Amino acid sequence: MSDKKLRWGILGSARVCERLLPAIVEAPNSQLVAIASRRAGAAKATLEKYAPQGFAAVDVQCYDNLLALIEDPNVEAIYCPMANDEHAVWAIKAINAGKHVLIEKPMALTVADVEAIEAAAVNNNVKVMEGFMYRFHPQHARVQEIVASGLIGDVLSARASYSFLMRPARMYRIVSGVQSGGGAMWDIGPYAIHTLRWCLGLSNDAQSWQPAEPVSVTAHAKFNDAGADVVNSGVLDFGADSEGRARFGHFDISFERSRKSEYEIIGTKGWVKCHAAWVFQNDVPVISWGLEDGKYAEERFAPSNHFNLEIEHFSDCVLNNKPPHLTFEDAKANCLAMELTLQSALTGRMIEF
């Protein structure tokens with residue numbers, strides 16, 4: 001086993017640093033060496049606020065200039081939690097400087113921008129991944145195992161519900177319209193769409209799993225005066241299966257409701273449900289399943305920090321030249337689904353892919 005650690009820099013002082021900064025510090029194959037912000041003193045303040053107790057923050061370089069961090073030769077990988085509409089431009093700057101980049105979801109606001117990031121990554125021979133931390137929690141592997149066992153039969157439907165109540169500290173998420181990356185679809189919608197594509201791709205053959213892609217979408221949303229969707233709900237049609245049975249994915253996202261991050265998969269013999277996809281490190285995750293004959297079970301998991309696992313995974317990919325679990329193809333497909341879902345909500349029409 002190598003004791004080499006990937007040297008990380010954080011590009012920005014966004015709220016998500018509360019979870020990602022400690023994850024980089026605590027991951028056994030990672031080392032935090034720099035953090036930057038455009039606001040004077042913000043990088044240092046973020047480090048002091050979120051660094052785990054006992055961490056030698058003095059060893060981390062704090063910059064008041066984003067380019068200074070990108071140009072720092074000691075930084076090998078960059079975590080990019082910038083505003084949604086800034087992901088592409090800053091990720092490409094970092095990639096062109098030879099840095100590996102973990103980009104907070106969504107990777108970008110258009111498929112064209114994701115393609116530009118991909119081209120830069122290929123040209124510079126670096127690893128890039130979209131930051132969906134939830135996918136690294138063991139509970140989802142167990143859901144996949146249950147479906148692959150044939151317990152609930154053929155997957156025909158799934159629903160995903162993600163929400164949290166908007167509070168003053170988070171108002172920045174809805175001060176600009178969807179064209180600029182504001183609103184629920186670009187904030188929590190990536191989780192809902194990604195979850196449904198994953199769920200509808202599950203089958204009794206775990207080895208050949210691929211995410212499913214929708215053929216059309218119908219969505220309805222409530223928009224505020226800035227043009228940001230604060231509530232968005234709809235149906236993704238994943239087309240008929242080999243036996244002609246309809247397959248639908250239902251999503252519901254909101255900034256007006258209490259915190260929720262659950263999904264449920266319904267098959268021909270039963271169902272399986274993840275009660276919380278967003279979990280804190282000391283939470284005890286629960287999944288449950290039920291069958292046609294009335295059998296019901298709940299399974300609980302040991303606490304696990306999916307942010308730490310995400311950082312460990314990406315660091316391992318860089319250090320050992322492995323492909324990231326989440327691919328550019330996945331990022332492009334998810335972005336397209338979100339773009340067309342917003343188009344449906346804005347026009348009031350069903351949109352075909």
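The values are calculated or read from the model by the stated rules, or taken from the named source; none is laboratory data. Model, not experiment: these values are computed from the prediction. Backbone-built Cβ (ideal geometry, glycine too); neighbour counts: all protein chains shown. Remember, those area values only see protein heavy atoms, side chains included, never the ligands or the DNA or RNA. Shrake-Rupley method; radii C 1.70, N 1.55, O 1.52, S 1.80 Å.
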I'm checking my understanding of the structure. Among residues of region 288-304 that are surrounded by 12 or more Cβ atoms within 10 Å (Cβ to Cβ) and acidic (Asp, Glu), which one is farthest from Ala276 (Cα to Cα)?
Glu292
Within region 244-258, the count of residues that are more than 16 Å from Trp278 (Cα to Cα), in a loop (DSSP other than H, G, I, E, B) and among the hydrophobic types (A, V, I, L, M, F, W, C) comes to 1
Quick check on region 71-83. Is at least one of its residues in a helix (DSSP H, G or I), out of contact with any His (no Cβ under 6 Å at 6 or more places or on another chain) and crowded, with 22+ Cβ neighbours inside 10 Å?
no
Using the structure shown, decide if Glu243 is open to solvent by 60 Å² or more (accessible area, probe 1.4 Å), under 21 Å from the mean Cα position of the chain (by Cα) and modelled with pLDDT of 95 or more.
no
Given the conditions (1) modelled with pLDDT of 95 or more; (2) closer than 29 Å to Asn125 by Cβ; (3) of a type in the set (D, E, K, R), report the number of the one that Asp59 does not fulfil.
(1)
Determine which member of the set Ile146, Ile152 is touching a Phe, Trp or Tyr at 6+ places or on another chain (Cβ under 7 Å) and assigned to a loop (DSSP other than H, G, I, E, B).
Ile152
Checklist (1) assigned to a strand (DSSP E or B); (2) touching a residue at least 40 places away in the same chain (Cβ under 8 Å) applied to Arg135, failing item:
(1)
Restricting region 1-54 to residues that are free of Cβ contacts under 8 Å to residues at least 24 places away in the same chain and either within 20 Å of Ser304 (Cβ to Cβ) or in a loop (DSSP other than H, G, I, E, B) (or both), the residue that is most open to solvent (accessible area, probe 1.4 Å)
Met1
